[in-house]
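**Student:** My structure is below; once you've seen it, I'll send some questions.
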Amino acid sequence: MNITAPEHPIICRPDKSGWGLFALLALVYLGPTIALVIIQWRTPASQIGVRFLFVVVLAAFTIWAYWMLHARVEATVQGLRWRGFGGWKFAAWRDVQDYYFLQLKKDQKTYVVETSIGKLRITSFYVWSEAMENAITQHTVHTSVHAWGQLGCRSEDVPALRFYYSVREVRRNMAFMTFLVAALLLLTAPMCVSSFHSSLQSLGWWWAIAEGTIELIVFGAPLACGLLLIPTGWRALKVADQHIETSAEGIVFTDGAQRIEARWEEIVRYGVPRDTLKSTFTSPFYIHTDAGAFSFTPHLHDYALLCHIVRHWAPESASEWNNNERMEALGGDATLWTGGFPGVGERIYHYKTRTNRAFLWALACFTATPFGVRVLERSLGVPPPPLDAGTECVLAALCLGTGWAAWRYQAARIGIDNHGVTEQSAFGTRRLTWEEIRHCASGEWVVTLQGDNGAIRFWQTISYGDELMAEIKQRAVNSTLTDWKEK
């Protein structure tokens with residue numbers, strides 16, 4: 001089929017804020033990998049495993065960058081066409097069978113269009129526009145759906161949705177995860193021991209410790225995740241006979257031995273218990289009803305969708321155990337006002353939260369490790385090896401990234417008053433009045449307020465971000481909203 005686009009198609013591309021995440025992960029993960037390769041090349045016994053790791057990590061970042069530049073979705077007069085890593089796919093409007101969104105997290109929404117040639121998924125990594133949403137609604141006249149809605153929460157979702165444990169899928173995923181963990185252990189364990197011994201003899205004790213620390217950061221995270229998820233996956237096979245059905249009337253749970261059927265208004269409590277010591281990825285989701293209680297694990301097929309359906313239909317009185325905590329500010333309410341007391345002066349939203357503080361400490365400790373090693377070597381009278389250009393570049397990038405993160409934590413902020421929004425960033429102070437704000441867009445990581453004479457941006461990790469975004473939405477009366485994600 002010859003795909004021809006109209007003169008002005010509606011285009012949807014990946015969010016530009018993805019490049020910020022790309023740079024951050026490249027600094028935290030690709031940087032240590034490059035440093036590890038540089039260290040290994042300076043040792044007598046250079047390890048081929050480190051070079052292989054470097055190629056794999058570099059390839060992953062290259063593929064990510066290619067997708068950011070290549071992926072796009074277009075709505076034309078003829079229909080929808082899209083591409084990801086491969087070539088273009090096209091579906092005429094008459095081929096669209098269904099469309100809906102999946103809001104599996106409170107701040108993320110995935111738009112899905114089911115067609116006869118495949119399923120188009122537009123995740124929160126894209127910049128979704130209201131024009132694209134309206135185009136799909138207006139042109140898809142051959143379906144019973146007439147408006148966007150959450151799957152499982154629409155009147156068109158008949159018959160009831162069924163959720164189950166796919167034995168084949170669980171076994172395949174766990175076998176693959178087990179293989180990856182075993183392969184990573186077999187590849188990295190001899191390499192780390194050999195490289196530590198080689199560095200110890202050629203570069204000194206403290207340089208070997210620094211190398212071991214970097215290797216722990218590079219290899220430890222995937223190993224820890226794999227070792228945590230594998231046992232819970234195999235345990236899920238023991239409850240493979242369980243399945244759950246949902247409808248607009250209620251929920252039904254069966255496991256071969258019992259059957260619990262309850263209307264939505266009969267749910268008295270649900271969620272993950274707040275006092276659980278397990279990871280969110282492995283903890284069961286409990287539902288207590290008047291007819292009985294049951295639970296399901298994250299290995300249930302479409303687990304996140306079922307959780308959202310329960311949250312949508314359950315009564316407000318059925319409080320959830322593990323509500324997501326807001327990014328509360330450290331220092332109390334007094335730090336949220338320029339006057340030093342609640343309600344005095346301009347309202348402030350800053351980045352001094354527990355999560356940001358933990359990330360800053362981790363980044364600072366990682367950056368300080370090579371410098372601490374050289375200081376210890378000098379104090380012990382061991383001449384440190386000279387730094388080459390590659391190592392100097394990596395250290396400089398780490399220092400710049402840590403410095404920027406520390407400044408943002410201490411000084412960056414967003415202020416609001418009756419007249420507008422003020423941003424204090426590393427590039428100076430910007431201000432937009434409420435009347436000047438013409439466009440508001442909330443990406444995966446960054447919120448953008450576009451005005452006539454500039455733009456204000458802030459990260460989603462800001463303290464009390466939900467209140468800030470609600471305030472902007474209420475006061476920026478002249479703005480249009482694009483996929484506004486309130487937490």
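**Student:** Pop the C-beta distance of ILE11 and LEU186 into the FRET formula with R0 = 51 Å and round what comes out to the nearest 0.05.
**Tutor:** The computed FRET efficiency comes out at 0.65.
**Student:** If you don't mind, there's one more thing I want to ask. List, in order, the whole-Hz ³J(HN,Hα) value for each residue of segment 239-250 obtained from phi through the Karplus relation with A = 6.51, B = -1.76, C = 1.60 and θ = phi - 60°; use x for Gly and Pro.
**Tutor:** Taking θ as phi minus 60°, the curve returns 10, 5, 7, 7, 8, 10, 10, 10, 8, 5, 8, x Hz for segment 239-250.
**Student:** Residue by residue through segment 82-91, what is 3J(HN,Hα) from phi via Karplus (6.51 cos²θ - 1.76 cosθ + 1.60, θ = phi - 60°)? Round to whole Hz and write x for glycine and proline.
**Tutor:** My calculation for segment 82-91 gives 8, 8, x, 8, x, x, 6, 10, 9, 9 Hz in order.
**Student:** Between ILE63 and THR254, take the C-beta separation as r, use R0 = 45 Å, and let me know the FRET efficiency to the nearest 0.05.
**Tutor:** Efficiency computed from Cβ-Cβ geometry: 0.60.
**Student:** Right, next: With a 10 Å radius around each residue's Cβ, average the other Cβ atoms per peptide and rank 142-149, 345-352, 130-137, highest first.
**Tutor:** My ranking of the peptides, most packed first, is 345-352, 130-137, 142-149.
**Student:** Under the 0.36 nm per residue contour assumption, what length would be gained going from the current alpha-carbon distance of LEU21 and ALA426 to full extension?
**Tutor:** Full extension of this stretch gives 144.0 nm more.
**Student:** In nm, to one decimal, how far is the LYS89 label point from the MET177 one, both placed 7 Å along Cα→Cβ?
**Tutor:** 2.7
**Student:** Right, another one. Among the listed pairs LYS89/LYS238; LYS352/LYS473; LYS89/LYS473; LYS119/LYS473, give every one whose C-alpha distance is greater than 29 Å.
**Tutor:** Among LYS89/LYS238; LYS352/LYS473; LYS89/LYS473; LYS119/LYS473, the Cα-Cα distance tops 29 Å for LYS89/LYS238; LYS89/LYS473; LYS119/LYS473.
The numbers here are math on the coordinates, done by the rules we state, and not lab data. Remember, it's a predicted structure, so these values are computed and weren't measured experimentally. All Cβ positions, glycine included, derive from the backbone under ideal geometry; neighbour counts span all protein chains shown.
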